[in-house]
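The values are calculated or read from the model by the stated rules, or taken from the named source; none is laboratory data. Quantities reported herein were computed from a predicted structural model and do not represent experimental measurements. Positions of Cβ are backbone-derived with ideal geometry, glycine not excepted, and every protein chain shown enters the neighbour counts.
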Amino acid sequence: MISVLATWIGDHLEAFVGMVTLVLSVGGYLLSLWLRRKRVTYRVHLDTAIGVAPHDTDMIDVRLTNRDETVDEPSLALVRIMNTGSTSIKVTDVPRDAPLTLRFPGRTVVDAQIIEVADGVRSMIGKDWPETGTAELALPRIPLNRRDRMKVLVLLSGKPGGVDCTGFVTDGKIVRDTTRGNGPSRRSLVLGGVAFTLVGASIALLLNPLGSASSAQVDCVSGDVVITGSSAFAPVMRDVLAAYTQACPDAEVRVEGRGASTGCASWTPRAATTPSSASGGWRWRTTPWPGSRT
């Protein structure tokens, strides 16, 4: 069985390489889907200070208040949380002691609202949310089906200094979304292009192996051949004979472009002898090629 398989691989090497490449490409794609079964991505849409210009004026005094309390150095952050994995995320996938948490280094959370969430999920948000007064905002534990998302608008005190998201998802991970717009990321485009190229090349090798044209058997006859004919066709004949002598190195062929009349006069094979041990085949002295007059 092994010897038969080895013989088949040797005879169909290009097709075997194409099959292996195709299997690896499809397997890699399926593995990537498995690895990203549960994945939460967060994207910062907005992170900016709230102020009035010009700042250095005594003519007006503008203050921002929240629940009758003045907010010093107010800023706003808008963050989108989205399930970009291949399976749903249940409430039990996010432990109580490690929920998804937005972190705002150097700032204090004053208030927050969930301005976008899937239908039927808003009622699952507790009335005591959000917990404010620190640099972190723990998000409510809600289920996220595939492509489900929620947007959180956060009012903070302090100058903007970045947004981060931490937490734990069972058999999953949390990734920052750095794509532009709503299209696929540059990494996804590159990997998709490479995978598409590999699959296309594999299918091409399976349908038409590289060596199929060159692997045709050539009946080689060793010996000496002199071909005479029109000088106009001599370059073409030299190219043909170069390919033949490359496939049959024991053959010696010479081209003599001495005119079509000479080629026609030499049409009848002369001095044909039986194969000898030196030549190993018939010895033909002259033969015309296409273009010779008859």
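Just a few scattered comments:
- Inspection of the stretch 137-152 identifies no residue that is more than 22 Å from N83 (Cα to Cα) and surrounded by 13 or more Cβ atoms within 10 Å (Cβ to Cβ).
To keep it simple, each residue is scored yes or no on (1) closer than 17 Å to G167 by Cα; (2) among the small types (G, A, S); (3) modelled with pLDDT under 95; (4) within 40 Å of the chain's Cα centre (by Cα).
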residue	(1), (2), (3), (4)
E14	no, no, yes, yes
L24	no, no, yes, yes
G27	no, yes, yes, yes
S32	no, yes, yes, yes
P54	no, no, yes, no
D61	no, no, yes, no
D72	no, no, yes, no
L76	no, no, no, yes
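- Reported count of residues in the stretch 62-86, each being farther than 18 Å from K151 by Cα and either surrounded by fewer than 17 Cβ atoms within 10 Å (Cβ to Cβ) or of a type in the set (A, V, I, L, M) (or both), is 13.
- Every condition in (1) modelled with pLDDT of 95 or more; (2) touching a Leu at 6+ places or on another chain (Cβ under 8 Å); (3) surrounded by fewer than 20 Cβ atoms within 10 Å (Cβ to Cβ) holds for R107 except the one numbered (3).
- V190 being modelled with pLDDT of 65 or more, assigned to a helix (DSSP H, G or I) and under 22 Å from R43 (Cα atoms): yes
- Where R96 falls short, out of the listed (1) in a strand (DSSP E or B); (2) of a type in the set (D, E, K, R); (3) exposed (fewer than 15 other Cβ atoms within 10 Å of the Cβ): (1)
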